[in-house]
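S.K.: Take a look at the following structure, please.
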Amino acid sequence: MIRPVSDADSPALIELIGTIWRSYPGIVFDVETELPELKAPASAFAQAGGQGWVAERDGRVLGSIGVAPSTSRNLWELLKLYVDRRERRQ
């Protein structure tokens, strides 16, 4: 199921994104410094004028994506596009 992200998804998104980041050698996953918006993702998207969604199955977040207006006129950016390694190419 795909649904709008909520601030309650924070722990699941931190786990998903952290697992992906840590799969790359030498990468440090520091939510406080690098991705503080993950502590309240729905609020962060709303503040940016955008929207985020998660894909979940059986209550487990398997992926995320969001959009927000770009600093360039009339453009939007894709944000937080992450998919659990086991769910890719499905």
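The values are calculated or read from the model by the stated rules, or taken from the named source; none is laboratory data. A quick note: this is a predicted structure, and the numbers were derived from the prediction, not measured. Here the Cβ is made from the backbone with ideal geometry for all residues, glycine too, and neighbour counts use every protein chain on show. Areas reflect the complete protein model, heavy atoms only, side chains present, ligands, DNA and RNA absent. Shrake-Rupley method; radii C 1.70, N 1.55, O 1.52, S 1.80 Å.
S.K.: In Å², and per residue, what accessible area does the chain have when probed at 1.4 Å with the other protein chains present? Intermediate results must be reported in sequence, preceding the final value.
M.R.: On the way: 6130 Å² over 90 residues.
I get 68 Å² per residue for this part.
S.K.: Please list 13-19, 61-67 highest first by mean number of surrounding beta-carbon atoms within 10 Å per residue.
M.R.: Answer by packing, highest mean first, reads 61-67, 13-19.
S.K.: Can I ask one more? How do 75-87, 37-49 rank on mean C-beta neighbours within 10 Å, highest first?
M.R.: Details: 75-87: 13.6, 37-49: 16.8.
So the peptides 75-87, 37-49, ranked by packing, come out 37-49, 75-87.
S.K.: Given just the C-alpha atoms of the chain, how large is their convex hull per residue in cubic angstrom? Don't skip to the end; give the middle numbers.
M.R.: Numbers: hull volume 10.5 nm³, N = 90.
With only Cα atoms used, the chain gives 116 Å³ per residue.
S.K.: So, one more: Compute the Cα gyration tensor for region 1-46, then decide on rounded, prolate or oblate, letting a ≥ b ≥ c be the square roots of its eigenvalues: rounded whenever a/c is under 1.5, prolate when a/b is larger than b/c in the other cases, and oblate in all that remain. Each step should come with its number before you reach the end.
M.R.: On the way: a/c = 2.95, a/b = 1.62, b/c = 1.82.
Since a/c reaches 1.5 but b/c is at least a/b, the shape of region 1-46 is classed as oblate.
S.K.: I would also like to ask the following. Any idea how far apart residue 81 and residue 58 come out in nm if each label point goes 7 Å out from Cα toward Cβ?
M.R.: Distance between the two pseudo-spin positions: 2.8 nm.
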